[in-house]
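The values are calculated or read from the model by the stated rules, or taken from the named source; none is laboratory data. Predicted model, so just to flag it, every value in this text is computed and none were measured. All Cβ positions, even for glycine, are placed from backbone atoms using ideal geometry, and neighbour counts span all protein chains on display. Heavy atoms of the whole protein, side chains included, go into the accessibility calculation; ligands, DNA and RNA do not. Shrake-Rupley method; radii C 1.70, N 1.55, O 1.52, S 1.80 Å.
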Amino acid sequence: NAGVMQNPRHLVRRRGQEARLRCSPMKGHSHVYWYRQLPEEGLKFMVYLQKENIIDESGMPKERFSAEFPKEGPSILRIQQVVRGDSAAYFCASSFVGSYEQYFGPGTRLTVT
Amino acid sequence: DQQVKQNSPSLSVQEGRISILNCDYTNSMFDYFLWYKKYPAEGPTFLISISSIKDKNEDGRFTVFLNKSAKHLSLHIVPSQPGDSAVYFCAASDTGNQFYFGTGTSLTVIP
């Protein structure tokens with residue numbers, strides 16, 4: 001039973017480019033969360049989704065960031081026109097409906113040059 | 001505004017002794033608390049959780065204690081093993097939608 005999968009594991013983008021981060025939840029999990037971890041900081045909640053629906057995006061920056069979890073395929077976190085401050089580790093987690101226990105992927109380390 | 005705080009960035013413990021990791025929170029509406037363990041270059045791994053209706057939950061060498069009046073929880077690991085060396089995060093939620101994480105405590109277990 002595969003765990004939460006994220007790809008790519010490392011992503012380098014120049015300022016102004018777009019970054020797309022993918023997350024495939026654990027089998028049977030219908031809920032996905034995205035977190036960002038800046039150097040020397042804890043994980044910061046960004047967005048909580050279920051298939052075809054955004055439940056809570058209160059942690060997402062208002063501009064340049066978007067997330068989706070389509071009926072088929074992985075969840076995507078999209079960052080447009082990246083800036084150096086977007087450099088961070090981005091973690092995805094998934095859970096069963098109604099469960100508080102989240103299972104994390106290995107993260108995508110985004111570096112903006 | 002950091003609603004969940006881990007005030008000790010690091011902790012060193014001798015193998016075989018007890019490790020106590022602490023976490024404080026400010027939001028009295030939090031009703032579920034979790035501890036995660038994280039190794040470098042990996043995602044956090046769920047360890048143990050507790051709901052606000054309990055004050056203790058035990059799983060093998062890991063026990064979590066919750067003191068609601070003090071808005072404090074702690075993770076006890078006994079006996080500590082070198083493989084326990086990692087960064088430990090506590091997290092809290094009030095709705096299950098959004099989880100608030102502390103900044104982590106780096107535990108080193110000395111053989």
Requested in this report: For chain A, evaluate the Debye formula with one uniform point scatterer on each Cα (no solvent term) and list log10 I(q)/I(0) at q = 0.11, 0.16 Å⁻¹, rounded to two decimals.
Outcome: -0.31, -0.66
Requested in this report: Calculate the mean, over all residues of peptide A:6-15, of how many other protein chain Cβ atoms lie within 10 angstrom of the residue's Cβ.
Outcome: 0
Requested in this report: Pop out the carbon and sulfur fraction of the accessible area of chain B as a percent, whole number, probe 1.4 Å.
Outcome: 50 percent
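Output the peptides A:39-49, B:36-46 sorted from most to least packed, where packing is the average of other Cβ atoms within 10 Å over each peptide's residues. Walk me through the numbers before you get to the answer.
Numbers: A:39-49: 19.2, B:36-46: 17.3.
Highest-to-lowest ranking by the protection proxy: A:39-49, B:36-46.
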Report summary line: Computed over the stretch B:31-82, the convex hull of the Cα set has an average projected area, in nm², of 4.2 nm²
Report summary line: Computed over chain B, protein heavy atoms only, probe 1.4 angstrom, the accessible area per residue in square angstrom equals 47 Å²
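Which value, to two decimals, describes the C-alpha radius of gyration of the protein assembly as shown once divided by 2.2 N^0.38 Å?
That works out to 1.02 for the protein assembly as shown.
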Report summary line: Computed Rg/Rh for chain B (Cα atoms; Rh = Kirkwood radius) stands at 0.95
Report summary line: Taking only protein heavy atoms and a 1.4 Å probe, the highest-to-lowest accessible-area order of A:83, A:112 is A:83, A:112
Requested in this report: Sequence neighbours fewer than 8 away in the same chain don't count; with that in mind, list the aspartates and glutamates whose C-alpha is under 18 Å from residue B:68.
Outcome: B:24, B:31, B:55, B:58, B:94
Report summary line: Averaged over the residues of A:28-36, the number of partner chain Cβ atoms within 10 Å of each residue's own Cβ comes to 1
Requested in this report: Give me the accessible area buried between chains A and B, both sides summed, with a 1.4 Å probe, in Å² rounded to the nearest 100.
Outcome: 1700 Å²
Requested in this report: Within 10 Å of each Cβ in peptide B:90-99, how many partner chain Cβ atoms are there on average? Round it to a whole number, please.
Outcome: 5
Query - Unit charges on C-beta of K, R, D, E only; dipole of chain A, Debye - result: 480 debye
Report summary line: the stretch B:46-111 -> Rg/Rh from Cα coords, Kirkwood Rh, value 0.98
